[in-house]
1. Given the structure, is residue 193 modelled with pLDDT under 60 and touching a helix residue (DSSP H, G or I) at 6+ places or on another chain (Cβ under 9 Å)?
2. So in segment 109-142, with the set limited to residues that are under 14 Å from residue 154 (Cα atoms) and hydrophobic (A, V, I, L, M, F, W, C), which one is surrounded by the fewest Cβ atoms within 10 Å (Cβ to Cβ)?
3. Take segment 87-113 and flag every residue that is part of a helix (DSSP H, G or I) and among the basic types (Lys, Arg).
4. Hey, among 9, 69, which residue is among the β-branched types (Val, Ile, Thr), farther than 21 Å from residue 157 by Cβ and at pLDDT 55 or above?
5. Could you list, ordered by first residue, the pairs with Cβ atoms under 6 Å in which the first is in segment 78-92 and modelled with pLDDT under 65 and the second is surrounded by fewer than 15 Cβ atoms within 10 Å (Cβ to Cβ) and assigned to a helix (DSSP H, G or I), at least 6 apart or interchain?
6. For residue 101, which of the numbered conditions (1) closer than 19 Å to residue 61 by Cβ; (2) surrounded by fewer than 17 Cβ atoms within 10 Å (Cβ to Cβ) fails to hold?
7. Spot the failing condition for residue 46; the list is (1) under 23 Å from residue 156 (Cα atoms); (2) modelled with pLDDT of 95 or more, and only one is missed.
8. Yes or no: residue 116 modelled with pLDDT of 95 or more, over 21 Å from the mean Cα position of the chain (by Cα), assigned to a helix (DSSP H, G or I) and of a type in the set (Lys, Arg)?
Amino acid sequence: MSEAPNTSTTVTSTPNILNVITPPLYPAHNNHHHHHHQHIRDYRKGNWTPEETLILITAKKLDDERRVTTTATTSSSRAGGELRWKWVENYCWSAGCLRSQNQCNDKWDNLLRDYKKVRDYQLQAHNQNRPSYWAMDKTQRKQRNLPSNMLPNIYEALNDVVQRKHVPHKQPPLALPPPPPPPPPPPRPLSPPPPGINQLDVFVYLAFF
C-alpha cells in the first residue's frame, strides 16, 4: 500500500507568493485616493466666531481694493461675482476661516443688513434722544427690532469697508492739452518796385500787392 504524497510544501509556499505580489499594490492605491481627496475642502458648519467674522470683513475689504482695477463689465457679471467670492473663500482659508464661498456670501449679506440697522438707529438715537445701541442689553435691542449681538469691533470694521466704498475713487489724471499751434509764418517781404517808378507809384504798388 503506497503512502500519500506530502503536500506541506504547497501550503508553506502560498503565503510567500502573496507577500511578494500584494504589497506593491497598496501604496499606489492609497496614493491615488490621497491625491483625489487632498483638494476637497472640509468646510466648517455652525455659527461664525468673531474671529472668523473679522477675517471675512478683511477679505472683503481687500477684494474691493483688488477690484478697483477691473472693468465694470467683469465686476458686474455673474461669472465675475462667483470668482470674487471664490477669491474671498481662498483668503479666508489662508487665514484659518474654513468657510465656503456661499457661506461667506450669505454671512456678508447678513452682516451688512445688521450693520445698516445699527447705523440707522444710531443716527436716529442721536437726533431723538434715544439710548445708544451700545448702552442697551440684548432684550432691549430685540424689542427695537435690532440685532442683539453686534460687537463694537465688528461694527467698526464694517463701517470702514462701507465708508471706503462711498469715497469716490481717484480720478485718472487728465490728458495733457494739445500743444499750441505754431506761430504764423512771417509776412513775405515785398518785392522792390520796378525801376523808373516814382514814390507815388510805390504807394499804389504797395496798396495792391
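The values are calculated or read from the model by the stated rules, or taken from the named source; none is laboratory data. As the structure is a prediction and not an experimental result, all values here were calculated from the model. Positions of Cβ are generated from backbone atoms using ideal geometry, with glycine treated the same way; all protein chains shown enter the neighbour counts.
1. Values: modelled with pLDDT under 60: yes; touching a helix residue (DSSP H, G or I) at 6+ places or on another chain (Cβ under 9 Å): yes.
When the stated conditions are applied, residue 193 passes them.
2. Checking each candidate, the answer is 134.
3. Start the filter on segment 87-113 by keeping residues that are part of a helix (DSSP H, G or I), which leaves 87-94, 101-113.
107, 113, listed by residue number.
4. Values: 9 fails: at pLDDT 55 or above.
On inspection, the qualifying residue turns out to be 69.
5. Taking only residues 6 or more apart or on different chains, the pairs are 80/74.
6. (2)
7. If we test residue 46 against (1) under 23 Å from residue 156 (Cα atoms); (2) modelled with pLDDT of 95 or more, just (1) comes out false.
8. Numbers: modelled with pLDDT of 95 or more: yes; over 21 Å from the mean Cα position of the chain (by Cα): yes; assigned to a helix (DSSP H, G or I): yes; of a type in the set (Lys, Arg): yes.
Considered against the rule, which asks whether it is modelled with pLDDT of 95 or more, over 21 Å from the mean Cα position of the chain (by Cα), assigned to a helix (DSSP H, G or I) and of a type in the set (Lys, Arg), residue 116 comes out as yes.
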